[in-house]
Amino acid sequence: MLIDAVLRHLAFALCLAALSAGVVRLMIAYPILDHPNERSSHARPTPRGGGVGVVVAFVAGMAALYVGAEYARLPPPQFLGVIGAAVAIAAVSLWDDVADLRFAVKLAAQAVAALVAVAAGLVLDRLALPWIGQVPIGWLGVPLTLFWIVGCTNAVNFMDGLDGLVGGSAFLAAVILCVVAGDQGGWFVYAASLLLAAGLAGFLPFNLHPARIFMGDVGSQFLGFMMAVLAVAAARFDAASVSFLIVPLLLFGLLFDAAFTLARRAAMGERVAAAHRTHLYQMAQRSGLGVRTVAAVHWGFVLFHGGLIALFLRMTPGTKPLIVLPALAVQVAWALYVARRVRRAGLTWAAG
C-alpha cells in the first residue's frame with residue numbers, strides 16, 4: 001500500500017515537472033532579458049523569470065492537494081494564507097524581474113507576506129538549547145519568526161547568481177525534506193516539499209551551466225519564502241520544536257554565505273543593500289573555479305547536511321542543536337579556502 005502511494009505521488013510529481021518545464025520553455029521563447037553588467041556572472045543577454053515554472057507547478061499541485069488530500073493540508077486559514085502569501089511574493093518578484101523595483105519595495109512585500117504567514121498561525125513558540133532542552137519564548141516567537149522568514153527569503157535571493165547553484169541546492173534540499181517529513185508523518189511539509197522538488201526538476205535542466213534561463217527573483221524569493229515557512233511547519237515534528245533546525249541545516253551553505261557576506265560588508269562600511277560580486281561563491285568563481293564546480297560544491301553541502309539530519313533525528317533533544325557545529329566547521333573551511341584563492345589571484349573583497 002505504501003509503495004502504491006509513493007508511486008502515485010511520484011507520477012503526480014512527474015506531471016508537475018513536465019508542466020514546469022513547459023512554462024520555462026515559454027519564458028525562454030518570450031523572454032524577460034537579463035542584460036549583463038560589471039557585476040554579472042554571465043556574458044550575454046539571458047532570459048530570466050524561469051522560476052515562474054516552479055511557481056505554476058507548485059500552485060497547481062497545491063490546488064489538487066486542497067481538493068483531494070485533506071490529510072496533507074494545514075487548517076484552511078493557515079493553508080490559504082500561506083499559499084496566498086507565497087503567490088503574492090512571486091507576483092511582486094516577477095514585477096521586479098520586469099521593472100527592477102527598489103529594494104525597499106521588495107522588502108516591504110516580503111514583510112507583508114511574512115506577517116500573513118504569522119497571522120495564519122505559523123509561529124515558533126519555543127526553542128531548544130543544548131543540554132537545557134525546550135525553552136518557551138512567548139511573544140518573542142512572532143518577531144523571531146518574522147526575522148527568519150524575511151531573512152531566509154533574502155538569503156536565497158542573494159545567492160541566486162550562478163548557473164544551477166540555488167536551483168540544484170533547493171532541489172536536493174526539497175527531496176531530502178520530503179523524505180524526512182514523510183518518515184515523521186508531517187504530511188503538509190511532505191507534500192509541499194514534493195511539489196517544490198517537482199517544479200525545480202522541470203526548471204533545473206534549463207538552468208545548468210551554460211544556463212538557457214535564470215530563475216529570477218520570482219523563483220528565488222518564492223523558494224526562500226516557502227522553505228522558511230516549511231521550517232516553521234517542521235517544528236511540529238517533535239514536542240521540543242528542535243526539528244525547526246532541519247530546513248536551516250539543509251540550506252546552511254546558502255545561509256552562511258549570505259550572513260558572512262552581509263557581516264563582512266557591514267564591517268567594511270559598504271552599503272549592504274547595494275549590488276556587488278563579493279559573495280563567497282562569486283569570489284570562488286572569480287578566483288578561477290569553474291561555475292559547475294562551485295555549484296557542485298554547494299550541492300555537496302546539501303548532501304552532507306542531509307547526512308547530518310539522519311544523525312540529528314537520532315540524537316537526544318538536549319544535544320540536537322549541536323548538529324550545527326560540523327556544518328559550521330565545513331563552511332568556515334570553505335570560507336578560508338576561498339579567501340586563500342582570492343589572495344593568490346590578487347582579487348579584492350571590496351565591492352566594485
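Only one of LEU204, LEU262 is closer than 29 Å to ARG102 by Cα and either touching a Gly at 6+ places or on another chain (Cβ under 9 Å) or aromatic (Phe, Trp, Tyr) (or both). Can you tell me which?
Just one listed residue meets the conditions, LEU204.
Contact list please: Cβ distance under 8 Å, first residue in segment 319-332 and more than 19 Å from TYR281 (Cβ to Cβ), second residue open to solvent by 60 Å² or more (accessible area, probe 1.4 Å) and modelled with pLDDT of 90 or more, pairs at least six apart or on different chains.
ILE323/LEU311
Would you check if GLY164 is touching a Gly at 6+ places or on another chain (Cβ under 8 Å) and either surrounded by 21 or more Cβ atoms within 10 Å (Cβ to Cβ) or aliphatic (A, V, I, L, M) (or both)? Write out each step before concluding.
Working: touching a Gly at 6+ places or on another chain (Cβ under 8 Å): no; either surrounded by 21 or more Cβ atoms within 10 Å (Cβ to Cβ) or aliphatic (A, V, I, L, M) (or both): yes.
No; evaluated as a whole, the condition is false for this residue.
Which of the residues that make up segment 170-212 are among the aromatic types (Phe, Trp, Tyr) and open to solvent by less than 10 Å² (accessible area, probe 1.4 Å)? First the steps, then the outcome.
If we filter segment 170-212 for residues that are among the aromatic types (Phe, Trp, Tyr), which is where we start, we get 171, 187-188, 190, 203, 206.
Result: PHE203, single match.
Could you name every one of the helices (runs of 4 or more DSSP H) located completely within segment 213-290 that has at least 2 residues being open to solvent by 30 Å² or more (accessible area, probe 1.4 Å)?
Of the helices (runs of 4 or more DSSP H) lying wholly inside segment 213-290, those with at least 2 residues that are open to solvent by 30 Å² or more (accessible area, probe 1.4 Å) span 252-267, 280-286.
When the residues of segment 298-315 are filtered to those that are in a helix (DSSP H, G or I) and open to solvent by 40 Å² or more (accessible area, probe 1.4 Å), which remaining residue is farthest from LYS106 (Cα to Cα)?
Checking each candidate, the answer is LEU311.
So, in segment 272-307, how many residues would count as being touching a residue at least 60 places away in the same chain (Cβ under 8 Å) and of a type in the set (Val, Ile, Thr)?
Result for segment 272-307: 4.
Please list, ordered by first then second residue, the pairs with beta carbon atoms under 9 Å, 6 or more apart or interchain, first in segment 172-185 and without any contact (Cβ under 8 Å) to a residue 40 or more places away in the chain, second open to solvent by 60 Å² or more (accessible area, probe 1.4 Å) and part of a helix (DSSP H, G or I).
These pairs meet every condition: GLY182/VAL6.
Among the residues of segment 270-287, are any more than 22 Å from ALA345 (Cβ to Cβ), over 20 Å from the mean Cα position of the chain (by Cα) and small (Gly, Ala, Ser)?
Yes, segment 270-287 contains at least one residue that is more than 22 Å from ALA345 (Cβ to Cβ), over 20 Å from the mean Cα position of the chain (by Cα) and small (Gly, Ala, Ser).
Hey, can you tell me all the residues within segment 308-322 that are under 18 Å from LEU251 (Cβ atoms) and at pLDDT 85 or above?
Within segment 308-322, LEU308, ILE309, ALA310, LEU311, PHE312, LEU313 qualify.
Hey, among ALA335, ALA351, ALA329, which residue is in a loop (DSSP other than H, G, I, E, B) and among the small types (Gly, Ala, Ser)?
Being in a loop (DSSP other than H, G, I, E, B) and among the small types (Gly, Ala, Ser) holds for just one of ALA335, ALA351, ALA329, which is ALA351.
Only one residue in LEU144, LEU140 is free of Cβ contacts under 8 Å to residues at least 12 places away in the same chain and either open to solvent by less than 40 Å² (accessible area, probe 1.4 Å) or in a helix (DSSP H, G or I) (or both), so which one is that?
Unique residue meeting the criteria: LEU140.
Give me the pairs: first residue in segment 42-70 and surrounded by 15 or more Cβ atoms within 10 Å (Cβ to Cβ), second residue small (Gly, Ala, Ser) and modelled with pLDDT under 90, beta-carbon distance under 8 Å, and six or more apart or on different chains, which are they?
These pairs meet every condition: LEU65/ALA72.
Test ALA350 against the stated conditions and say whether it is exposed (fewer than 12 other Cβ atoms within 10 Å of the Cβ), modelled with pLDDT of 95 or more and over 25 Å from TRP148 (Cβ atoms).
Spelling it out, it is not the case that ALA350 is exposed (fewer than 12 other Cβ atoms within 10 Å of the Cβ), modelled with pLDDT of 95 or more and over 25 Å from TRP148 (Cβ atoms).
The values are calculated or read from the model by the stated rules, or taken from the named source; none is laboratory data. Just so it is clear, the model here is predicted, and its values are computed rather than measured. FYI the Cβ positions are ideal-geometry reconstructions off the backbone, even for glycines, and counts take in every protein chain you see. Just so you know, the surface numbers come from the protein's heavy atoms only, side chains and all, with ligands and any DNA or RNA stripped out. Shrake-Rupley method; radii C 1.70, N 1.55, O 1.52, S 1.80 Å.
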